[in-house]
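A short worksheet on the structure shown next.
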Amino acid sequence: MAYIAGVDVGNSSTEVAIGELDREGPVRFVADALVKTIGIKGTVRNAIGIMSALDLALLSAGSTRQDLAMVLLNEATPVIGDVAMETITETVITESAMIGHNPSTPGGLGLGLGITIGLKELSAAPADKPYIVIIPREVDFQEAAEDLNRARSNNFDVRGAIVQKDDGVLIHNRLGHPIPIVDEVEHIERIPLQMPAAVEVAAAGMSIDKLSNPYDIATIFCLDPEATARVVPVARALTGARSAVVIKTPHGDVRERRIPAGTMTLIGQNRKETVRVDEGAEAIMAKVARVTPLKEVKAEHGTNVGGMFEKVRKVMAELTDQPVSAIHVQDILAVNTLKPQKVLGGLAGECSMGVAVGLAAMVETRKLPMQRLARALEDQIRIPVAVAGVEAEMAVRGALTTPGTASPMAVLDLGGGSTDASLMDDAGEIRSVHLAGAGDMVTLMIDTELGLENRQLAESVKRHPLAKVESLFHLRHENGSVQFFREPLDPEVFGRVVVVTGRGLVPAQTREPLAKIVAVRRQAKQEVFVQNAIRALQAVAPAGNIRLVDFLVMVGGSALDFEIPRMISDALMKYGVVTGRANVRGVAGPRNAVATGLVLSHASTRKYQSIGASCELG
Amino acid sequence: VSLANYVRDKPAVRIEASTPVPDSIIAPILWGLEEEGMPADIRVGRHGSAQRLAKQAADGSPLNVGIGIEMAKGSVALHHRDLPEEKPVTLLADHHLDVERLRRLGANAARLVKGEPLLMESGLESCSPLSHVTQPTDMF
């Protein structure tokens, strides 16, 4: 009796399958395990993760390393993916400063126009002008209301107020004469004084009407056509806000800045194409398809896209310990997205949604030093370690243990860094492809588009469904179902949108409503995985025709996602492909395909029979 | 309980106190409610701890939210009808009775009615999300 371990070191996880080989008879799988990959795939540090995965699997089989006759490592494909997000449009604003936000309770109603002035300076100012009064934190709301009422009786014309604290309603309720009040303005000290300003507050349930329209802003401040064009980002950023302030600042106070998006040259085996990034994702992907197979990408220096590729190459060069010149971009995936951009001149950190292109790049590196890893591992565990089998082939062999499958079968590996596809035809020939863009890109898109600036939270939003906590005892899941709890929920999640993780409820720290977060999440998954599934299948399918693929199984971490497999199945339905999540050996689900394939492949070379999968009934 | 009782009780957050409450305590609570646009209904005379008074106020409020003030101990509690008496939403002991906290308690009473996120001491937005994992226990 001998135990053989198959080990698959991936970008994010390390998987182990342990099979028992008798002199005769089929391989009997006794255990498997999954741990996080330690170090970059293909480096000696991986050994630490491999050893803990081996021990974990052996423990569940009730044995130790002593029972292990051999360890098989996969010949990992030397591709690594990275992602970046670049803006096409740089928001520019000149000659105006603005505040736009949704304080929960602003005061008053309507539009007020006047000159900005501090509350304490008001009494000394000339009384013949309309004013917008600025009330800092130090001034108590009762004092502010008294001052404003006194100013009014002294014939000062106060048309609106900007308040630092959450005092809008309190001040408004104490005024003899109603004015619109915008409150909770954090950086009130940045408001330029003695400048023409407009304050607008909408009724509950409504959003501002005038300050979100460039022509109304032009009317208020007497702007010429050129200046009107420049306030468009202001109007766009204020759209949908409950309250807003626009202040006209003297020429040059807020500087304009533009960085060109740039162009990139796609160099294929036979053709070369140049594309401007601001033509958008569709144009980029159309040209990528035209030059396929892609061999290298050159991006214009000193532009956004140039900077992005430089960064990707540098990171890859460091990871793989190679010169930057040796890094070649083998595939890119471009997706259209929106990126909140800090509006220049914004006084409360306002953002407008700029059009952006997200790019995932896949670089081919020199063959990964798997032999070096094998030797290091062998020294540590004192068991023979061999590098055996090409990853794509092993994945197909492992995936074919899914009950109900037969060749020709395609395997779609939905990972973190790349989307891989392999196809085994009737003759047992295997074709495979590695494409840029997978789970990490989805995370980046969610992070960027929702402006979370928190990769960990974005990852959580990607993986789990959302819910809204509606009372101290119940929440409504995103699919509309209601769940009640016997114990009260934490007041910290009350009224909030939360991520329903296996570990509990995590507040989604954004003001976006649940429906918007769901839409962003689904859109990101569609753009990346559905697009890549089709690209990948076209690359490996006989004659590039997806209809000629009979079976498709999905493996890899993202195949465990609660909605991605469904999206891909829906998209492939029209091609008549039997699509589903793999169930490796009838037990392991979409995990462990490569590790299982390694053990099976080893067994077959030794003239052992391999087993079919285990079914539950019949 | 006659129908007339329901008609007479205006929709308001009820505040119960054992003895008359000085302005320095009651005013900030009322400001918090006012800023959120929520009416209040103050009743004086019942006896008990802040928690008990708050629970009784919540039970009696048509909006199911109540505030209890126990002047002898200088404590203030915010309660909801569905919570057990020993588990108020907020309990401020005497050394916590500053204007900021009292006003936040008033605002949170209103937010509890409106179903809006509560204002937290630390400012939730600045914290790492995983430190705020809530593990619901005992679900149906």
| said: Nearest 10 degrees is fine. How inclined is helix A:141-153 to the longest principal axis of chain A, computing both from alpha carbons? | reply: 40 degrees
| Contact order normalised by residue count of chain A, Cα under 8 Å, 6+ apart, percent | 16 percent
| query | Which residue, chosen from A:Ala197, A:Ser604, A:Val158, occupies the Cα position most advanced towards the positive end of the dipole of the protein assembly as shown, where the dipole is computed from +1 (Lys, Arg) and -1 (Asp, Glu) charges on Cβ about the Cα centre? | reply | A:Ser604
| Which values, in whole Å and largest first, are the semi-axes of the equivalent ellipsoid of the stretch B:14-88 obtained as the square root of 5 times each eigenvalue of the Cα gyration tensor? | 17, 16, 10
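Report, to one decimal in Å, the Kirkwood hydrodynamic radius for the stretch A:109-156 based on all distinct Cα pairs.
Final number for the Kirkwood radius of the stretch A:109-156 is 11.3 Å.
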| remark: Taking the alpha-carbon centre of each part, the distance from the stretch B:37-83 to the stretch A:435-463 in Å is 44 Å
| field | Centre separation in Å (Cα based) which lies between the stretch A:271-304 and the stretch B:84-123 | value | 56 Å
| remark: Taking Cα atoms only, helix A:514-525 is inclined relative to the longest principal axis of chain A by an angle, in degrees rounded to 10, of 40 degrees
| query | Residues of A:479-492, mean number of Cβ from any other protein chain within 10 Å of their own Cβ, rounded to a whole number? | reply | 4
| query | Based solely on its DSSP helices, what 222 nm [θ] is calculated for chain A when runs of n ≥ 4 H residues each add -39,500 (n - 2.57) and the sum is averaged over all residues, nearest 500 deg cm²/dmol? | reply | -8000 deg cm²/dmol
| Rounded tilt (10° steps) of A:439-449 against the dominant C-alpha axis of chain A | 0 degrees
| request: Calculate the all-directions average of the projected area of the stretch A:167-221's alpha-carbon convex hull, and give it in nm². | output: 5.1 nm²
| note | Exposure-ranked with fewest Cβ neighbours within 10 Å first, A:Phe562, A:Phe485 stand as A:Phe562, A:Phe485
| Percent of alpha carbon pairs in the stretch A:155-248 separated by more than 18 Å? | 49 percent
| remark: Relative contact order of the stretch A:1-65 (C-alpha contacts under 8 Å, at least 6 apart) in percent is 29 percent
| Where q = 0.19, 0.25 Å⁻¹, what log10 of I(q)/I(0) comes from the Debye formula for the stretch A:515-612, counting one point per Cα? | -1.00, -1.25
| request: Pull up the DSSP beta bridges for chain A and report the antiparallel fraction as a percent, rounded to 5. | output: 75 percent
| field | Taking N as its residue count, the alpha carbon Rg of the protein assembly as shown over 2.2 N^0.38 Å | value | 1.18
| query | Taking a threshold of 27 Å on the Cα-Cα distance, which of the pairs A:Lys36/A:Lys295; A:Lys298/A:Lys516; A:Lys287/A:Lys339; A:Lys36/A:Lys287; A:Lys41/A:Lys287 fall above it? | reply | A:Lys36/A:Lys295; A:Lys298/A:Lys516; A:Lys36/A:Lys287; A:Lys41/A:Lys287
| message | Given the options A:Leu414, A:Ile430, A:Ser481, identify the residue whose Cα lies farthest towards the positive end of the charge dipole of the stretch A:372-512 (+1 on Cβ of Lys, Arg; -1 on Cβ of Asp, Glu). | response | A:Ser481
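Where a number appears in this text, it was derived from the coordinates with a stated rule and is not lab data. Fair warning: this is a prediction, and the values are worked out from it, not measured in the lab. Please note: Cβ atoms are built from the backbone with ideal geometry, for glycine as well, and neighbour counts cover all protein chains shown.
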